[in-house]
Structures are given as structure tokens and as C-alpha cells.
Amino acid sequence: MSRRIALCVTAGVVVLGGAGAFALAYAGEQPPSLAHSTATYKAPDGDRDGSLTFGTDVKVSSGVKSVKVLAWPQDSSFAKDKLTVKDMASAEQAVCKPSVKDTVHCTYTTKATTSETKSSPRGVWHVAVLATAKDGTQTLNTKAADFIVK
């Protein structure tokens, strides 16, 4: 009887160990996740430039390689043709700093001049984000945050 028990216990340990190893391997391959994304747009005022500031938290166990940001008007061709990873190739980089375990806080800021604002479409704009992990996995969120240009 004790042999049977020992065999069952050993088999259970092997099964649980294998499941745990699979879970760890699978967890390591998860793509980056985005959270707490915000966009703040300040219009130019008189001779002072305005700005667009975007922030997001990126969590990924393998580490963050890059975070690219692209603001686009709701009425642009991207609304119909869907923004792709390829479209994000020339997008600008956000600056990322460690936050908590496996998470970085990324910020992107750009100025908005009076002349740029005058020639920009009015209305709702979206901020697209492409987060790339050091292991090569990617997450594209085409509408991570919104802002309004009046």
C-alpha cells in the first residue's frame, strides 16, 4: 500500500511541477499591457505655445524595449483604414521610467504652436500607443486616450 501512495504522490508532484513550469513559461510570453492612459491637451494662448502630454503605465515581465505614440484626428483615414503596427514605425518615442515591479510609467510631451493648431482638424483626437517588450511581443492600442482640439 505504501508503494501505491508513494507512486501517486510522485505522479502528483510531476504533474503539478509541469503545470507550474508551463504557467511560468506562458507568463513570460505575455504581451505588454497598458493601464491608466491619459492625454492632456492645452491650446496655445497668445504668444505661448500649447502642449499635448500623454502618459501610460506599461507592464511586461521581460522589460520594455520601446513605447511609441501617435496622435490622430477622429476624422482621419485611420478611422476607416485602422492604424497598424507598420503605421507606428515612424511615431515618436515616449520616455519611460521604472514605476513598480515589471511596470514603467511612460510620458510623451510635444508642443502645439498656434500655426500648427490653426491648420489642425477640430474635434476629437485619439492617441495610439505601440508598446514593444524586450522579448519582441507588442501591444497596439489605437485609442489609448482621447483629447479635444477646439
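A few comments on the model shown:
- The Cβ shell under 15 Å around PHE54 holds other residues with a net charge of +2, Lys and Arg each +1, Asp and Glu each -1.
- Local net charge near VAL124, Cβ-Cβ under 12 Å (Lys/Arg +1, Asp/Glu -1): +1
- Surface per residue (accessible, 1.4 Å probe) for segment 27-150, Å²: 59
- Separation in nanometres of the label points that stand 7 Å from Cα toward Cβ, at VAL100 and SER51: 2.6
- Straight Cα distances below 23 angstrom link LYS97 to the lysines LYS59, LYS65, LYS68, LYS111, LYS134, LYS143, with same-chain residues fewer than 8 positions distant left out.
- Whole-angstrom Cα spans of segment 47-150 along principal axes, big to small: 42, 34, 19
- Separation in nanometres of the label points that stand 7 Å from Cα toward Cβ, at LYS118 and LYS134: 4.8
- Summing Lys and Arg as +1 and Asp and Glu as -1 over all other residues whose Cβ lies under 13 Å from the Cβ of SER99 gives a net charge of +1.
The values are calculated or read from the model by the stated rules, or taken from the named source; none is laboratory data. Bear in mind that the values here come from a model prediction, so they are computed numbers and not experimental data. When we count neighbours, we look across all protein chains shown, and the Cβ atoms used for this are built from the backbone with ideal geometry, even at glycine. The protein model used for the area step is the full one, side chains on, heavy atoms only, and it has no ligands, DNA or RNA in it. Shrake-Rupley method; radii C 1.70, N 1.55, O 1.52, S 1.80 Å.
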